[in-house]
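The values are calculated or read from the model by the stated rules, or taken from the named source; none is laboratory data. Computed from a predicted structure; not experimentally measured. Here the Cβ positions follow ideal geometry from the backbone for every residue, glycine too, while neighbour counts run over all protein chains shown. Side chains included, ligands, DNA and RNA excluded: accessible areas come from the protein's heavy atoms. Shrake-Rupley method; radii C 1.70, N 1.55, O 1.52, S 1.80 Å.
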Amino acid sequence: ILDIGSNIGTSILFFREKFPTAKIYGFEPHPETFQILEKNVAGLPAIEIFNYALGATNADVAVPFDGADFSRFTLAKDPGGDWSGPLSPTSCQVKHAGDAVKSLGLTNVDLIKIDCEGVEYDVIKALPFDLVKRCKWIVGELHNESAFPLLAMLDPHFDLDLKKTMFAPFFRFHA
């Protein structure tokens, strides 16, 4: 299982309960959120977590953050929306998604959970596409117009299910 955008680990804990024998890889770039993630999954078997983002390139970036809402930490070019306070840069590392999974020796993944605040298309596109096509289930949130090319890329290979809540700035998808 790849958990791309692990935040504080809620999804990892859910996956551990539902799939107790699965190997889970979690990726969370925000340093303070990662510290909470470490505490929340400490001691759980077959879980590896990484304090970097997956993306289309390798980079060290300064990401806008409002200091309050960890779910709004984004690598998207335009963070948009209402923020809780003034934005200040937070440094984080980005690794090419394809290189990262290859370095972990992953050639098959059963489930990809992706919620990376607007760069979902860039991340999925950077993964080896054979790995994506063989994945049994992809679930995530889509936040902006990059959702449409992502859905178009997945559509020939997956049945898609979309859910949008009125007035919510994002929608959930399953493939």
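Here is a list of conditions, (1) over 17 Å from the mean Cα position of the chain (by Cα); (2) modelled with pLDDT of 95 or more; (3) of a type in the set (A, V, I, L, M, F, W, C), and residue 137 meets all of them except one; can you say which number that is?
Failed condition: (1).
Sort out which residues of the stretch 42-56 are over 17 Å from the mean Cα position of the chain (by Cα) and either under 18 Å from residue 5 (Cβ atoms) or part of a helix (DSSP H, G or I) (or both), and write them in order of number.
The answer is none; no residue qualifies.
Just wondering, is there one or more residues in the stretch 132-141 that are over 16 Å from residue 159 (Cα atoms) and surrounded by fewer than 20 Cβ atoms within 10 Å (Cβ to Cβ)?
Looking through the stretch 132-141, none of the residues is over 16 Å from residue 159 (Cα atoms) and surrounded by fewer than 20 Cβ atoms within 10 Å (Cβ to Cβ).
Within the stretch 150-172, work out how many residues are open to solvent by less than 90 Å² (accessible area, probe 1.4 Å) and under 17 Å from the mean Cα position of the chain (by Cα).
Residues meeting the conditions: 5.
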